Each structure stands twice: as C-alpha cells, then as structure tokens.
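Below you'll find the structure, written out as structure tokens, and then a few comments.
The values are calculated or read from the model by the stated rules, or taken from the named source; none is laboratory data. Note that the structure is a prediction, hence the values are computed from the model and not measured. Heads up, the Cβs are rebuilt from the backbone with ideal geometry, glycines too, and the neighbour counts pull from every protein chain shown.
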Amino acid sequence: MVDLNSKNFDSIALIGFGEAGQAFVEGWHKAGYAGETFAFDIKTLSKSQSIVDAKMADYEKFNVTGCKSAKEAVAVGAAVFSLVTADKAFEAASEAAKFIRKGTFFFDCNSCAPGSKRKSAALIEAAGGRYVDTAVMAPVHPKLHQTPLLIAGPHSIDAVAYLNNILAMSSKQVEGDVGAASSIKMIRSVIMKGLEAVILESVLAGRRAGVDDIVLDSMEQTYPGFGWKKRAAYMMERAATHGIRRSAEMREVANTVRELGFSGSMSDAAADWEQMIGELRLDMSLVDNEDHGAVAETLLAPLNKQMKHTG
C-alpha cells in the first residue's frame, strides 16, 4: 500500500503543460499542495521564439519549474502526469521509461485506445515505474484538479489514494486492467466528439443555406431543454480552439472501435471535422461562444476563402 506520509510524494512532473496541466496545477496550489512542480512541454523546443516565450510565460504564471527536456522532468518527479496529445502519448511514455525512478506513478491522462495504453504500460512497467490508466472524464474547467478521473490497472488502489488524499483530486477506481478506464472515455467520446462533428456539419451547412436558426429551433422542439443554439456555439468554439488535439483523440477512438470489431467510420469522420476546423488556427477569444451565428460566421470566413481558391 502507498505510504501517504512519505516524503517520496513531494514533487510532481508534468509532461505537456497545456490547458489540462495548467488547470491541475492551479487546483493543486489552491488546495494547499506545497511540493515542487516541474514541467516540460515540447513547445519550448519550437523554432518560433514567440511560441517558446509564451510557454515559458505559462511556467512562470503557474509557478512551476520549466525543464529543458522530458528527461529532466521525469528524473526529478516522484509522480509523473502525461498530458500530451493522443498521437504523442506513446512517444512520451517511451521517453519517460528511460528515466523514470522505480516505484514512480506514471499517470497516463491522454485520450488513447486501450491497446495504445497497454503498449505504453509495458514500457513503464518494464522500467520499474507504476503505470496508471487515467481517464479525464470532463472538461478541466471549472473544476480544475477535481475534474472527475477514472483510474484502472494494477496500481489503481494506491493511485486513487495518492490522487485523492495527497492532491485532493476526484478519482475513482474502475475494475480491470490497463485499458478499462480508457475504454469508458473512448466510447463516451464517440457520442461527445461525434456530436461536435454533427453540429459543425449541420450548423455550418445550415448557415450557408440560411436555415441554421430554423434547424436549431426545430431541434429544440424535438429535444426540449438541451439549449441547442448555445450548445452549438460552445461545441463549435471548442472544436476551433482544440480541434487538433480532439482530432488525435478521435483517431484513437476509431482505433478503440476497431479493436472491438467495428469499422470506426463514424469516429474517423468526426476526426476529419475536428482536424479541418482545428487547422484554421483561429483565435476565438473575442468571439461570443454563446452565439452560434457569430461562431459559425467566424469559422465560415476562412472556409469560404478556401472554396473560392479551389472552386
């Protein structure tokens, strides 16, 4: 069992320091965590100085020690949180396995197929680390470090004790080996991210046809109380802001579905929509994310230009 009074838990390393990592750190600090926090984000290796400077500013803002490499972060972290994009998760685990200390928790919080997580787990376990299949089950705002987590794998009992008692997080054990938690997250995403893709296709097509308001009003009559216009605005904004990451997740969702004997075509299509919208690289910070029309017009502007160039 984990010794919750051990000084072995006085440091945390984060691989990837985007929205999720920043939210966790903010929450830990508010909850009184007094240990050291280290982070490495691949953006600090960018050839663009503005991108490097922005990430260094994130480190300073959240009072974490920025590291020059994953090696440097993993070597000092008594617990490691992997928070990269799904397509980089195995690479992050592979690098961490080279330097992880014996007995260190490796929380793989990335949205990956069960098969992908099992490959990462094999590397971490062979290196003496304790791999933890971790599924983040909701947006990290507003709950920050208390965003619901599902935990699975051979170290899940100790991992939940550490997360909930040391870091004041909100985690729950799922029965089963590595992949049990990620299966729930992945299959849920067929609906959640699939709905985003459906909204994008319907609302953007509807906006071009001049019928988006009528369509969404009709949906509200069919499924009252959902708040279709505000939900549509929010989902489209999320796709624009996080589409690249969401696309990588949906590729893993499609792999999950294929592992279960189905084609995964629905999830592949959702990934295509997320990729296309994410690649627009739009700044949505000044767009009202409760106004579906404003969000749709913002997305359509570059898409319309693309049509003119290719038409």
- Query: Which of the residues spanning the range 251-263 are over 15 Å from Met192 (Cα atoms) and without any contact (Cβ under 8 Å) to a residue 60 or more places away in the chain?
  - Reply: Arg258, Leu260, Gly261, Phe262, Ser263
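Any residue that is farther than 28 Å from Lys98 by Cα and modelled with pLDDT of 95 or more - is there at least one of those in the range 130-137?
Among the residues of the range 130-137, at least one is farther than 28 Å from Lys98 by Cα and modelled with pLDDT of 95 or more, which makes the answer yes.
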- Message: Go through (1) within 27 Å of Ala79 (Cα to Cα); (2) assigned to a helix (DSSP H, G or I) for Gly176 and report which single condition fails.
- Response: (2)
- Task: Scan the range 121-159 for residues that are touching a Gly at 6+ places or on another chain (Cβ under 9 Å), part of a helix (DSSP H, G or I) and touching a residue at least 40 places away in the same chain (Cβ under 8 Å) and jot them down.
- Result: Ala121, Leu144, His145, Gln146, Ala159
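Identify all residues within the range 199-212 that are surrounded by 15 or more Cβ atoms within 10 Å (Cβ to Cβ) and more than 13 Å from Ala271 (Cβ to Cβ); write none if there are none. Steps first, please.
Just the residues of the range 199-212 that are surrounded by 15 or more Cβ atoms within 10 Å (Cβ to Cβ), to begin with: 199-200, 202-204, 206-207, 212.
Matches in the range 199-212: Ile199, Ser202, Val203, Leu204, Gly206, Arg207, Asp212.
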- Message: Go through (1) in contact with a Cys (Cβ under 8 Å, 6 or more places away or on another chain); (2) at positive phi; (3) not small (Gly, Ala, Ser) for Arg281 and report which single condition fails.
- Response: (1)
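Only one residue in Met266, Met236, Met276 is part of a helix (DSSP H, G or I) and either farther than 25 Å from Glu19 by Cβ or touching a Lys or Arg at 6+ places or on another chain (Cβ under 9 Å) (or both), so which one is that? Break it down stepwise before answering.
Numbers: Met236 fails: either farther than 25 Å from Glu19 by Cβ or touching a Lys or Arg at 6+ places or on another chain (Cβ under 9 Å) (or both); Met276 fails: either farther than 25 Å from Glu19 by Cβ or touching a Lys or Arg at 6+ places or on another chain (Cβ under 9 Å) (or both).
Answer to the check: Met266.
With the requirement that a residue be surrounded by 14 or more Cβ atoms within 10 Å (Cβ to Cβ) and either not assigned by TED's automatic domain parsing to the domain that holds Met250 or not polar (S, T, N, Q) (or both), what does the range 273-289 give you?
Initially, the range 273-289 is screened for residues surrounded by 14 or more Cβ atoms within 10 Å (Cβ to Cβ), giving 273-278, 280, 282, 284, 287, 289.
Listed by number, the residues that qualify are Trp273, Glu274, Met276, Ile277, Gly278, Leu280, Leu282, Met284, Val287.
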- When the range 89-111 is examined, which residues are found to be crowded, with 17+ Cβ neighbours inside 10 Å and not small (Gly, Ala, Ser)? Phe90, Glu95, Phe99, Ile100, Thr104, Phe105, Phe106, Phe107, Asp108, Cys109, Asn110
- Hey, among Phe107, Phe99, which residue is outside any helix (DSSP H, G or I), touching a strand residue (DSSP E or B) at 6+ places or on another chain (Cβ under 9 Å) and in contact (Cβ under 8 Å) with a residue 12 or more places away in the chain? Phe107
- Consider only pairs whose beta carbons are under 8 Å apart and that are at least six residues apart or on different chains; among these, list those whose first residue lies in the range 280-307 and is among the hydroxyl-bearing types (Ser, Thr, Tyr) and whose second residue is assigned to a helix (DSSP H, G or I). Thr298/Ala240
